[in-house]
Amino acid sequence: MRLNLKIWRQAGPNAAGRLVDYVAENVSPDMSFLEMLDVVNESLLRKGEESIAFDSDCREGICGMCSLVVNGVPHGPDRGTTVCQLHMRRFKDGDTITIEPWRARAFPVVKDLVVDRSAFDRIIAAGGYVSINCGGAPDGNAIPIPKDVAEAAMDSAQCIACGACVAACKNASAHLFMSAKISQLALLPQGDAERERRVVAMIEQADAEGFGSCSNEAECEAVCPKEIPISNIAKMTREYVRAVLAAK
Amino acid sequence: MSSRIRVFSTSVGTKLLIGVTGLALFLFLISHIAGNALIFLGRDTFNTYSHTLTSNPLIPVIEIVLLLIFLVHIYKTVTMYLRNQQARPVAYQAKKSQGSPSRRSVSSLTMIITGLWLLIFVVIHVKGFKYGAYYAVDGADGVRDLHRLVVENFRSPLMVAFYVVSMLIVGSHLWHGVSSGFQSLGLDHPRWTPRILAFGKAFAVLIGGGFILITLYVHLFGGQVGQ
């Protein structure tokens, strides 16, 4: 396949960026999207040009590093996949593909398609953990958790913090990301002790980072590689109301 | 822990306030259209209803509460909109919706525009009716002939066109707004959410369409059919 690419190039955080046209030759339909970019980069290096910077790590859809907006959709056209799991058979010979970075004030561009997502780390550091000291490993059956509750917590825990929810939201809101962690921990007895403090701290941190508010459009749910639903955001709202009412 | 005031300035607290005030305005619209529909029963019924309503001593209190709800809804949505605009300073070159399960629609993308139109509409609407010309009903002391005012206001095709467009905009605002209001309050349930979404859209059509029907009926028949 031969593809026309329009790729966002930006030399640094404060440099002006623009879309640059490239042609990808001899693309195999079996390549992943990132392998296709690797091939483009190799040809750029051979020509003595600077390669295109983009993030990736595991390339098997579980680490949350890859972060490309493909033709206007974060992680590309397939539902429930990261862009590293998107394959070139999804495209046709001669297609034009636009590739951009996540765009949000809280995710500044580092270079080309790489953005700084440490705002997510600071939100987690504000309360997305369990800090109670529980001593040695307890007996497996000492804390009974019903299976359906454990399943629901696991569904929320699937979030890989890639930031596609922010990239897709018209308000660049981080609510789906935060709410997944808040829901997961609120459902489990280990997270219960700090649930009020956690929800307030994480929401205030996200606001301080410059993320927007939820649009209730569920565009985040549609692009989430782990298909985390916005019912988590409603759960976060209920946790917030609970925390406010319980405030001393 | 946050103070009670700061609670409503966070992103989630803001949505809570917008949701509560929005749903309160939605309930007001239901009562408004139910009252207005009495125009189909003729002039006397309509005037008796409007007189009973406006002569109720609680009405000034309710009006002030309604005004406050309006102002909170407008203030919170406009400030939230401005904040959200800052959250993405560099726009995408190409952006499109992923489609289902996204609920994005023309309605959800234009809430701020339809909302601001409705603000202008409400000013003109209240000026034209509540503070419009005073006609007295013959032989009934102190009873305002609001039916006549309605008929006279809707004689002008320009005014009718403005109302029809504004009611289409009301419908659009409710199309996203009603279900969104429930969502903002944290009400989401696998069984109930699909019903709330359908309920919101059905009421958007019923309320927008209902008001248009009333406007056209008064314009075309002068509110006289069934007399």
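Once you've got the Cα coordinates, tell me which of B:Lys127/B:Lys201; B:Lys76/B:Lys96; A:Lys6/B:Lys95; B:Lys76/B:Lys201; A:Lys6/A:Lys226 are over 18 Å apart. Mind showing how you got there, number by number?
Details: B:Lys127/B:Lys201 29 Å; B:Lys76/B:Lys96 27 Å; A:Lys6/B:Lys95 14 Å; B:Lys76/B:Lys201 24 Å; A:Lys6/A:Lys226 27 Å.
Checking Cα-Cα distances, B:Lys127/B:Lys201; B:Lys76/B:Lys96; B:Lys76/B:Lys201; A:Lys6/A:Lys226 exceed 18 Å.
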(request) At 7 Å along the Cα-to-beta-carbon direction for both B:Gln85 and A:Ala208, put a label point, then send me their distance in nm to one decimal. (result) 2.7
(request) First select every other residue whose beta carbon is under 10 angstrom from the beta carbon of A:Glu239; then total the charges, Lys and Arg +1, Asp and Glu -1. (result) +4
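For segment A:1-53, which GluC sites (Glu not before Pro) pass both filters: DSSP loop (anything but H, G, I, E, B) and at most 16 other C-beta atoms within 10 Å? Spell out each step's value before the answer.
Working: sites: A:Glu25, A:Glu35, A:Glu42, A:Glu49, A:Glu50; in loops: A:Glu25, A:Glu49, A:Glu50.
Sparse-neighbourhood loop GluC sites (Glu not before Pro): A:Glu25, A:Glu49, A:Glu50.
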(request) Report the relative contact order of chain A, percent, no decimals, based on alpha-carbon pairs under 8 angstrom and at least 6 residues apart. (result) 20
(request) Estimate the FRET efficiency between A:Asn141 and A:Ala15 by the formula 1/(1 + (r/R0)^6), using the beta-carbon distance for r and 56 Å for R0, to the nearest 0.05. (result) 0.45
(message) I need the peptides B:166-176, B:46-56, B:129-139 ranked by packing, meaning the mean over residues of other C-beta atoms within 10 angstrom, with the highest value on top.
(response) B:166-176, B:46-56, B:129-139
(request) For segment B:133-227, run through the trypsin sites (Lys or Arg not before Pro) and keep only the ones in DSSP coil with at most 14 other Cβ atoms within 10 Å of their Cβ. (result) B:Arg155, B:Arg191
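What is the average number of partner chain Cβ atoms found within 10 Å of a Cβ in B:97-109?
Working: counts 8, 17, 5, 4, 9, 9, 8, 8, 1, 0, 0, 6, 3.
The shielding value for this peptide is 6.
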(message) Please give the Cα centre distance for segment B:23-46 versus segment B:148-187, rounded to the nearest Å.
(response) 13
(message) Once you keep just the Cα pairs under 8 angstrom separated by 6 or more residues, what percentage relative contact order results for chain B?
(response) 31
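Go ahead and run the numbers for FRET between B:Lys127 and B:Asp44, Cβ-Cβ distance against an R0 of 30 Å, rounding to 0.05.
Numbers: r = 26 Å, r/R0 = 0.87.
Here the calculated transfer efficiency is 0.70.
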(message) If the elastic network links every pair of Cα atoms under 10 Å, which of A:Pro138, A:Pro74, A:Pro108 fluctuates the most in the Gaussian network model of chain A?
(response) A:Pro138
(message) Check which residues have an amide H placed less than 5 Å from A:Val73's amide H, if you skip close sequence neighbours.
(response) B:Lys96
(message) In whole percent, and with a 1.4 Å probe on the protein chains, what portion of the accessible area of the protein assembly as shown is carbon and sulfur?
(response) 61
(message) Taking 41 Å as R0, compute the FRET efficiency from the Cβ-Cβ separation of B:Ile62 and A:Arg197 and round it to 0.05.
(response) 0.55
(request) May I ask for the net charge around B:His189, where only other residues with Cβ less than 12 Å from the Cβ of B:His189 are counted and Lys, Arg are +1 while Asp, Glu are -1? (result) +3
(request) With a length cut of 30 Å (Cα positions projected on each helix's long axis) and a Kyte-Doolittle mean of at least 0.0, go through chain B and give me the DSSP H helices that pass. (result) B:11-36, B:59-86, B:157-184, B:192-221
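Net charge within 11 Å of A:Ala15 by Cβ-Cβ distance, Lys/Arg positive one each and Asp/Glu negative one each, not counting A:Ala15 itself? Walk me through the numbers before you get to the answer.
Working: positive: A:Arg9, A:Arg18, A:Lys111; negative: A:Asp112.
It works out to a net charge of +2.
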(request) May I ask you to list the aspartates and glutamates whose Cα is less than 20 Å away from that of A:Lys147, ignoring any residue fewer than eight positions away on the same chain? (result) A:Asp139, A:Asp155, A:Asp192
(message) I need to check one value: relative contact order of segment A:3-111, counting alpha carbon pairs closer than 8 Å and at least 6 residues apart, in percent.
(response) 34
(message) Compute a Gaussian network model of chain A, connecting alpha carbons closer than 10 Å, and tell me which residue from A:Gly135, A:Gly72, A:Gly64 fluctuates the most.
(response) A:Gly135
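The values are calculated or read from the model by the stated rules, or taken from the named source; none is laboratory data. The model shown is predicted, which means the values in this text are computed figures rather than measured ones. A quick note on method: Cβ atoms are made from the backbone with ideal geometry, for glycine too, and the neighbour counts reach across all protein chains shown. We work out accessible area using only protein heavy atoms, side chains counted, and drop any ligands, DNA or RNA first. Shrake-Rupley method; radii C 1.70, N 1.55, O 1.52, S 1.80 Å.
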